[in-house]
Structures are given as C-alpha cells and as structure tokens.
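Engineer: Mind looking over this structure? Questions follow.
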Amino acid sequence: MKIILFIICTFLSGISIAQQNETDIKRCGTTDYIEYQNQKTPGYKEMVDVQFNIAKNAIKDKSNDTYVIPVVVHIVYKTAAQNLPDSVIYDQIRVLNEDYARLNADSINLRDDFLPHVGRGNIQFVLAGLDPDGNPTDGITRTQSNENFGSLTDISVSEKVKSSSTGGIDPWDQNRYLNIWVCDMSIFNIPMVLGYATPPSGLPNWPPGSTSGMSDGVVIQYQAFGTNNPNPLSAMGTTLVVKGRTPVHEVGHYLGLRHIWADGDCTQEDGIDDTPNASNQSQGCTKTANTCVDNIDGVDLPDMLENYMDYSSEDCQNTFTKGQVELMRGVLENQRYDLVHDNPASLQNNERLIASLFPNPAINQLNIQLNSPIKEIELFNLQGQALELKVSIMNDAAQINVSTLNNGVYMLKITNSKGQTTTKRFIKQ
C-alpha cells in the first residue's frame, strides 16, 4: 500500500471536523490491491481492463428489473467493540439499497449541472437467506481472531481476513454471494485504510494455481460500516463523518467501477463517458473545483465530488451517473451473472421480499401487501425527494392515503422487520 512511515505522525494533523483533508486517511485500497495482484501474477491489471471493456461494451439490459445480490457479512473481531451488532449490519444494507436505487434522502443535494446524468441502479442487496449448504441463515458470520489485519506497506496482511488458516474466515461461494469482511485494519489504533474490493477479472488465461490467495469480495474497516455504528471513526481526537458510503464505494469497485479521477490527472479516464475528468481525488466538500476541461454533451462540468467513486466527504456523496449504472448492470449480466440469476442464496427464508400494490394506478387509497411484516414505508418522487406520507400499517399489510398527491409516478420504499427493503412504483391519478 502507498503509505509511508511518517504518516503516523502527520496524516491527521490537517483534518478538520468537516474532513477537509480526508485523503490523509487511505479511503480506498482497491488500486493498491490491483497492483499487489499484478506483481504476484503479471497480467492481472491488463485483464481487469479487458473485463471492464467487456462489461462496458456488452448489450445492456434496458429493462427496469431490479437485480438482487445476496450478501454475507463476515464480522472478524478481536475486541467486543469490533463485534458489531446486527442493527449496524442491517443499517449498512439499508444504505446500500437506498444509494443504489437513488432513494437516499440527500440525493436532492446534487448540483443542477449533474441532474441530466444521474443514474438509478435498481440493484438490491439482501442478507443471504441460505448458506452454501442450503441451510437457512441470517447472512452474518462472526469469527473471533487474535490476528492483526493492518499494515503500513503490505495489503496482503489485510487479505489474511479472508482465510480461516490465517485468522479470518473463508469466503462463501464467490459466484453466488457478495462476501463483505468487516475487521480492524488499523495500526496503533489509527485507521490506515477504510476499505478495498476486488474488481471483476475472470482471467481465463491464467495457469492453474496462479490465483491462489485471491478472494473475491469487499473488506471494510469496522468503524466505517453503518451509520449507527457505536464506534466513532476518529484519530488524533478528530471524529469523521460516517454515512455508510465506504461500502457503497467499494461495492462500486466490486461491480466494475473505477475512481472517478482515474487515479491519475486530466489525461486519464475512468472509462465512463458522463463522469467529468478531475486532476486528483476530491477532498472535503468544496463545490467550486473544476480542475480539468472536458466536454460532456457540450458542457465543461465541474469536478463531481457528489459521486460515490470520489474521495470527498461522505456527507457530500449522493449519486452514481447513468454511465456508471450501465457499467455495473453490464457486469451483472456478464462477469457476475451467476450472482443475480437463478441464485437460491438471494431468497429470504426461501422467499423473495414481494410487495403487491393495488389499485395501481390509485386515486384516493393505495393498498400494500408484503410477504413479511412491514416495519416502515417511505414515499419518494422520481427526483428522490422524500414526501410526507399518511399510512396505516397492519402487520404485513398497509393502506396509504394518496388523495392529496399530485398526479404522477411515485416510488415507495418498503422495509420489513428484518431490515430488508424493496422498492415499488405506483401511479397517482
């Protein structure tokens, strides 16, 4: 990892509460992981690029069908504080679902310049309902370990969390599950990296055994997981904003996205046509920067620090672009096809979360029936703005008064008692 020893003394000296210098903490180690694997097996980096182009150039699924990704969260802990409660895990799944469906409340903070380019992923994340042996599961594993998974210079130390033989836990079938390991990667209680992920690669030209040690998935520093995490992400007395966007960013890598500034300068491209170039990663939440001249639909757009694939403050990030969404959906139709097609692991207690709305279109009242107890229902317009809602919930059914809504199309986010969510559209007439 590109971290030098004197960083221990200096890396947080300039950080304010508003995170003006968050880049002093290694927000993402994915680029370092790719370099590490490329040194281990020459050709890895080039094949990642090949797979990126395969996904980008594939015939895109133009439907609005929602892809359902089964997730297993591996909590690997040394202390009781690192053994995050279920409520934190449920909350992070909620954040992933909101951000990838563009139902996050802060989506309204996106600057008008970028509104023509926003993308709604229609990708849903659910904690796996079945384990690899077909047994019911809550999609969470817990492993106590005495190992330290942090290093100043060697990302392979963090990779130890992915194997039971080195103090972590083995992944579940990586073709069928998104494996997320949550652990401590700090040194002297100072966070060195907040997360990293393995991009889709495939690598059919590799000789047998050459991928030994590679475990597909996402690794997250435990304080950067969930918005209700009882462990503050802090160092040198400074507490940083955590809104669950580190996992959102790393899952973007897992689904094929690159950093929006392409880890270079204005001459580098992230491969997405509607993301503006930037000379470097963004810091904090300064919206005046326009570090590169570009032409997106005839406009020189400013740096897009609202993008989840930047390094800006988590309370500034709120969107993907249409091009990024197309790339991720292309990955799910190609390199990660088995993850979302006919995958029993995505079933929840042998059932998907299914909501029925009727009548649809609705005039005065909309009825909802869910195959699970309903905890909460939220209403959004197509711009992602949350609206007031008059609702009566009765276990697995609900009634909504829509008589005061303007005619148009609306989105409902329905959450059950386990924290699982589904989104549905309805028409108000």
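Engineer: Please compute the modelled spin-label separation between residue 382 and residue 113, points set 7 Å along Cα→Cβ, answer in nm with one decimal.
Structural biologist: Label-label distance for residue 113 and residue 382, simple model: 2.6 nm.
Engineer: With a ≥ b ≥ c taken as the square roots of the eigenvalues of the C-alpha gyration tensor of segment 80-193, please select rounded if a/c is under 1.5 and otherwise prolate if a/b is larger than b/c or oblate if it is not?
Structural biologist: Taking the square roots of the gyration eigenvalues as a ≥ b ≥ c, segment 80-193 is oblate.
Engineer: Between residue 365 and residue 286, what length comes free when the chain is fully extended (0.36 nm per residue of separation minus the Cα-Cα distance, one decimal in nm)?
Structural biologist: Length difference between fully extended and current span is 24.0 nm.
Engineer: Between segment 369-391 and segment 169-193, how many Å separate their Cα centres?
Structural biologist: Segment 369-391 and segment 169-193 have Cα centres spaced 33 Å from each other.
Engineer: Then there's this: Anything over 20 Å Cα to Cα? Flag those among 287/413; 375/424; 375/413; 390/424; 78/243, in the order listed.
Structural biologist: 287/413; 78/243
Engineer: Please compute one quarter of the surface area of the Cα convex hull for segment 218-337 and express it in square nanometres.
Structural biologist: 8.4 nm²
Engineer: Any idea how far apart residue 66 and residue 394 come out in nm if each label point goes 7 Å out from Cα toward Cβ?
Structural biologist: 2.4 nm
Engineer: If you take the square roots of the eigenvalues of the alpha-carbon gyration tensor of segment 294-429 and sort them as a ≥ b ≥ c, do you get rounded (a/c under 1.5), prolate (a/b over b/c) or oblate?
Structural biologist: It comes out oblate by the Cα gyration axes.
Engineer: May I pose another question? Highest mean first, how do 164-177, 94-107, 267-280 rank when packing is the count of other Cβ atoms within 10 Å averaged over residues?
Structural biologist: Ranked by mean Cβ neighbours within 10 Å, highest first: 94-107, 267-280, 164-177.
Each value in this text was obtained by applying a stated rule to the coordinates, not by laboratory testing. This is a predicted model, so every value here is computed, not measured. Positions of Cβ are generated from backbone atoms using ideal geometry, with glycine treated the same way; all protein chains shown enter the neighbour counts.
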